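The values are calculated or read from the model by the stated rules, or taken from the named source; none is laboratory data. Keep in mind that what you see is a predicted model, and the values were worked out from it rather than measured. Glycine gets a Cβ as well: all are built from the backbone with ideal geometry, and neighbour counts include every protein chain shown.
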């Protein structure tokens with residue numbers, strides 16, 4: 001049977017899959033089962049941060065797999081300790097502690113659980129625990145029951161109610177609405193510095209600063225979801241620092257690009273004191289959280305290799321240079337179909353005037369354009385119904401970027 005037939009018969013149809021069968025990748029390129037080569041600006045949705053099959057990553061995986069792939073978190077795993085130290089000292093650069101998971105959704109569940117613990121430790125004046133987390137419209141935090149409930153998109157919720165209680169949704173970048181939403185039950189604010197799935201919407205600096213001030217005023221936790229935006233995707237090791245470098249969050253979640261294609265996620269919790277003798281991070285004590293596979297030697301060795309390449313090759317700075325190049329080229333275009341270029345670094349979204357895109361039944365304007373780009377040898381990904389995302393490897397070359405822009409320009413002018 002063909003791959004498509006096997007999918008139809010044996011795989012749950014939870015994705016609207018494109019008719020592409022990938023079989024090989026190298027650098028910024030992906031090949032299908034027919035031998036056609038594509039520039040990959042989807043990269044597993046911001047996962048393959050140093051491209052496909054980077055020798056540093058494949059060597060690290062091979063060497064670790066030959067030594068020790070997995071052991072229990074009941075033991076002290078050297079690679080996990082090294083990765084946690086690297087994240088805290090070289091990337092977050094604030095005192096805190098890290099928990100390792102397998103995905104971004106799990107990492108966000110960890111933040112939600114930390115918020116609940118804090119709500120018990122710092123309860124309302126009545127003694128009742130605080131539990132409510134404020135998130136924002138068009139957010140995306142994952143597909144588990146907890147992270148799905150945190151996601152402020154109705155289409156994600158449909159057919160899964162009753163949802164986990166304890167979430168309140170506010171308009172993104174609306175500080176007045178955020179302030180009005182805070183109640184005695186509120187315990188945390190969770191936001192993406194750059195919303196990826198929701199349309200590549202960048203948080204305003206004034207909004208983040210205001211959210212941090214409200215968190216301090218009301219004794220709330222401030223969490224950043226950097227699952228898609230973190231580890232130099234937005235030019236800085238931490239995406240929030242591309243917008244408000246002075247802010248000190250209480251927790252951060254990551255996944256995607258930190259493993260370069262190997263499944264790993266994590267969240268960081270600050271060591272700041274919440275009373276005279278307790279650190280926030282101490283609330284997640286033995287028995288409070290766990291993961292069978294999270295932080296195993298193989299995953300941590302892979303992530304260490306990826307983060308080392310990102311740091312030593314200064315790929316954050318390269319991402320910023322590539323953004324400047326893209327913006328310069330986009331400014332020269334006369335393409336009414338593309339109305340705006342959003343984002344930071346190499347998390348970019350081209351906004352679409354949907355009225356200028358030929359209608360195709362069952363497809364959004366973004367899906368129509370992404371399909372036509374695929375026909376021309378460029379893989380991109382929708383971000384909502386009217387935005388096409390570019391998520392190339394952080395080490396994409398200028399020549400590859402020029403080719404991708406040429407394909408995009410040609411495609412939108414020949415719809």
Kindly indicate the residue of the stretch 143-167 that is under 20 Å from residue 129 (Cα atoms) and surrounded by 17 or more Cβ atoms within 10 Å (Cβ to Cβ) and also farthest from the chain's Cα centre (by Cα) among those meeting that condition. 166
Within the stretch 341-352, can one find any residue that is within 23 Å of residue 205 (Cβ to Cβ) and without any contact (Cβ under 8 Å) to a residue 24 or more places away in the chain? yes
Being within 18 Å of residue 283 (Cβ to Cβ) and assigned by TED's automatic domain parsing to the domain that holds residue 269 is true for just one of 147, 139, 101. Which residue is that? 101
Answer yes if at least one residue in the stretch 168-187 is buried (at least 17 other Cβ atoms within 10 Å of the Cβ) and at pLDDT below 95, and no otherwise. no
If you go through the stretch 388-415 one residue at a time, how many are farther than 19 Å from residue 365 by Cβ and out of contact with any helix residue (DSSP H, G or I) (no Cβ under 7 Å at 6 or more places or on another chain)? 7
Inspect the stretch 290-301 for any residue being closer than 18 Å to residue 89 by Cβ, touching a strand residue (DSSP E or B) at 6+ places or on another chain (Cβ under 8 Å) and buried (at least 16 other Cβ atoms within 10 Å of the Cβ) and give the result as yes or no. yes
Residue list for the stretch 262-304, restricted to those being assigned to a strand (DSSP E or B) and more than 25 Å from the chain's Cα centre (by Cα): 273, 279
State yes or no: is residue 46 on the phi > 0 side of the Ramachandran plot and either in contact with a strand residue (DSSP E or B) (Cβ under 6 Å, 6 or more places away or on another chain) or modelled with pLDDT of 95 or more (or both)? yes
Of (1) out of contact with any strand residue (DSSP E or B) (no Cβ under 6 Å at 6 or more places or on another chain); (2) surrounded by 13 or more Cβ atoms within 10 Å (Cβ to Cβ), residue 11 satisfies all except one. Which? (2)
